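Here is the structure we will look at.
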Amino acid sequence: MANKPYTPEKVWQYKPGNGGKFANINQPTAGARQERELPSGKHPFQLYSLATPNGVKVTIMFEELLELGITEAEYDAYSVNIMEGDQFTSGFVDINPNSKIPALVDNSGDKPMPIFESGAILLHLAEKFNRFIPQDPQGRSQCLSWLFWQVGAGPFLGGGFGHFYAYAPEKFEYPIERFTMEVKRQLDLLDKHLANNTYICGDDYTIADMAIWPWYGVLVDGGLYEAAEFLDVKRYAHLNRWSQLIGQRPAVKRGRIVNKAWGEPDEQLIERHDAADFSGKRL
């Protein structure tokens, strides 16, 4: 379908209801829309999130740290219903003025430390516990390069391809073709890189894998936008091999259901406060 002709106004004006599936929460202004404090648990880390790809990055990291026996990484995870506007409550805006999940409060120091943006949270936890980030300068630079590659590339997959292919009120040829081409380039990039690397940074599993897998691994596994066939993901053999390797990790299986409020009941864990919360869940 060709795009409808559109001539931009001289000065853009906000039209309520514009935005497809997310029209009820999209507005051109920042800040809190209602007064509500955040809940808080007993553990050193308080996470406010949802099991979207960006949220899953952080819950995987926490579960990987706990898998290593690092009890100092215990956390409470509270669900933020972004479709209901929980991210615009005063408590959430106080710790993340950008009103996006995930957001974390680290209470392990002298005073609470709020951190937002998934990449920043991964880096904070990796440095705090000295895990999942290379210590040699060359390895560290590669890890950070791929971490920030995902931060920059992800919006082309999510807000670009995902929106116009799966969520836009109407499907238009130009944006779908444009973003599909970029996503295919990204998949090809990862596939070529993984042809010579077990993990994103060579032989070691790092926060770069944790950042990339919830988007690109889940995509090639068929769990994102129902677009696997459209994108012909089976052709990326090395990327598929890596995705399956990551997906079989026990911590990844746990992390991907934390703050999940959809799907089968035994695959949901709306809040997480203790390892016992996974009892009876299908992992």
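The values are calculated or read from the model by the stated rules, or taken from the named source; none is laboratory data. Please read these numbers as outputs of a predicted model, since none were measured by experiment. Every residue, glycine among them, receives a Cβ derived from its backbone with ideal geometry; neighbour counts consider all protein chains shown.
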Any hit, region 187-198, residues being within 19 Å of the chain's Cα centre (by Cα), surrounded by 19 or more Cβ atoms within 10 Å (Cβ to Cβ) and on the phi < 0 side of the Ramachandran plot: yes
Enumeration of residues in region 124-169 that are part of a helix (DSSP H, G or I), among the small types (Gly, Ala, Ser) and farther than 30 Å from residue 109 by Cα: 152, 153, 154, 158, 159, 160, 162, 166
Residue 117 being under 19 Å from the mean Cα position of the chain (by Cα), over 20 Å from residue 270 (Cα atoms) and either charged (D, E, K, R) or not assigned by TED's automatic domain parsing to the domain that holds residue 263 (or both): yes
Residues of region 94-123 classified as buried (at least 17 other Cβ atoms within 10 Å of the Cβ) and over 20 Å from residue 38 (Cα atoms), total: 3
Breaking point among (1) at pLDDT below 95; (2) touching a strand residue (DSSP E or B) at 6+ places or on another chain (Cβ under 9 Å), for residue 113: (1)
Close pairs from region 138-167: first at pLDDT below 95, partner of a type in the set (D, E, K, R), Cβ under 7 Å, at least 6 apart: 167/21
Residue check for residue 59: polar (S, T, N, Q), within 16 Å of residue 85 (Cα to Cα), at pLDDT 95 or above and surrounded by 10 or more Cβ atoms within 10 Å (Cβ to Cβ): no
Region 2-26, subset surrounded by 10 or more Cβ atoms within 10 Å (Cβ to Cβ) and among the polar types (S, T, N, Q), residue nearest to the chain's Cα centre (by Cα): 26
Sole exception among (1) charged (D, E, K, R); (2) at pLDDT 95 or above; (3) not in a helix (DSSP H, G or I) for residue 182, by number: (3)
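Results for (1) under 26 Å from residue 150 (Cα atoms); (2) touching a Ser or Thr at 6+ places or on another chain (Cβ under 9 Å); (3) in a helix (DSSP H, G or I), shown as yes or no for each residue.
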{"position": "42", "(1), (2), (3)": "no, no, no"}
{"position": "47", "(1), (2), (3)": "yes, yes, no"}
{"position": "77", "(1), (2), (3)": "yes, yes, no"}
{"position": "87", "(1), (2), (3)": "yes, yes, yes"}
{"position": "98", "(1), (2), (3)": "yes, no, no"}
{"position": "101", "(1), (2), (3)": "yes, yes, no"}
{"position": "105", "(1), (2), (3)": "yes, yes, no"}
{"position": "110", "(1), (2), (3)": "no, no, no"}
Tally of residues being hydrophobic (A, V, I, L, M, F, W, C), part of a loop (DSSP other than H, G, I, E, B) and loosely packed, with under 15 Cβ neighbours inside 10 Å across region 216-249: 1
